[in-house]
Amino acid sequence: MTGDARRQQILQTAVALFSQRGFKGTTTKEIAKAAGVSEAMVFRHFENKDALYGAILDTKGCQDGVHRFPWEENDVLKTAIEQKDDFAVFYNIAFDALKKHQADEGFMRLLFYSALEEHLLAERFFHEFIERIYEFIGGYIEERQRDGAFREMNPRIAVRAWLGMLIHHSLNNILWDKKRVILDIPNEEAAKNFAQILLGGIKS
């Protein structure tokens with residue numbers, strides 16, 4: 001196995017264990033055992049647990065040393081923004097987010113563990129990722145307010161309401177309602193309805 005492949009194996013194993021036991025409850029020895037390597041091999045790739053956790057965050061939004069976000073890679077979304085197609089903008093943001101949450105449940109659990117443990121890297125995730133999401137969506141809302149399409153309000157209130165719908169939906173499916181007893185709908189339908197609900201509240 002190449003060095004890069006070994007590093008990726010350790011990262012994937014760490015995500016799985018951190019998501020089950022939290023950052024404080026997982027040792028590098030346990031990570032090494034689960035990954036089928038020596039603890040020395042873990043430290044060869046990562047100086048300590050903080051470095052390992054930081055590398056996990058980087059893999060979720062970093063490519064070639066540059067942080068990438070959904071709107072930077074989604075041509076459909078970029079076109080919707082240029083055309084000021086409000087429904088398409090919010091639908092595509094929602095659909096992309098819900099797909100990512102569903103595809104990477106371990107990382108979602110890991111993030112919430114780190115926040116509950118008040119780990120410094122949870123703050124790093126917030127500043128590097130969440131703040132930029134607020135700026136991006138809030139910026140679009142401000143632009144549409146200037147156009148007269150959206151009513152006057154604090155854009156960040158709308159962003160918080162929007163993210164609240166998406167995150168709460170995903171958390172229900174990942175943590176509390178895995179069998180979809182309360183609500184069982186595909187991501188496409190959820191994204192469509194959430195976009196309609198938001199726009200129904202903020203359009204002029």
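The values are calculated or read from the model by the stated rules, or taken from the named source; none is laboratory data. Note that the structure is a prediction, hence the values are computed from the model and not measured. Glycine gets a Cβ as well: all are built from the backbone with ideal geometry, and neighbour counts include every protein chain shown.
Worth pointing out:
- Filtering the range 146-204 to residues that are under 20 Å from Asn92 (Cα atoms) and of a type in the set (Ser, Thr, Tyr) leaves only Ser170.
- Whenever a residue of the range 102-118 is of a type in the set (Gly, Ala, Ser), its partners that are not in a helix (DSSP H, G or I), lying with C-beta atoms within less than 8 angstrom and at least six residues away or across chains, give the pairs Ser114/Gly22; Ser114/Phe23.
- Number of the exception - Pro186 against (1) within 16 Å of Asp96 (Cβ to Cβ); (2) surrounded by 13 or more Cβ atoms within 10 Å (Cβ to Cβ); (3) of a type outside the set (D, E, K, R): (2)
- Answer from Glu118, Glu128, Glu152, Glu143 - the residue that is loosely packed, with under 13 Cβ neighbours inside 10 Å and either in a helix (DSSP H, G or I) or in contact with a helix residue (DSSP H, G or I) (Cβ under 7 Å, 6 or more places away or on another chain) (or both): Glu152
- Residue selected from the range 12-39 under the condition at pLDDT 90 or above and either assigned by TED's automatic domain parsing to the domain that holds Leu121 or among the aliphatic types (A, V, I, L, M) (or both), by the criterion surrounded by the most Cβ atoms within 10 Å (Cβ to Cβ): Ile31
- Which listed residue is in contact with a Lys or Arg (Cβ under 9 Å, 6 or more places away or on another chain) and either assigned to a helix (DSSP H, G or I) or modelled with pLDDT under 95 (or both), from Leu175, Leu198: Leu175
- One residue from Gly22, Gly54, Gly3 being more than 25 Å from the chain's Cα centre (by Cα) and either free of Cβ contacts under 8 Å to residues at least 60 places away in the same chain or closer than 17 Å to Arg109 by Cα (or both): Gly3
- Asn74 being within 23 Å of Glu128 (Cβ to Cβ), out of contact with any strand residue (DSSP E or B) (no Cβ under 7 Å at 6 or more places or on another chain) and modelled with pLDDT of 90 or more: no
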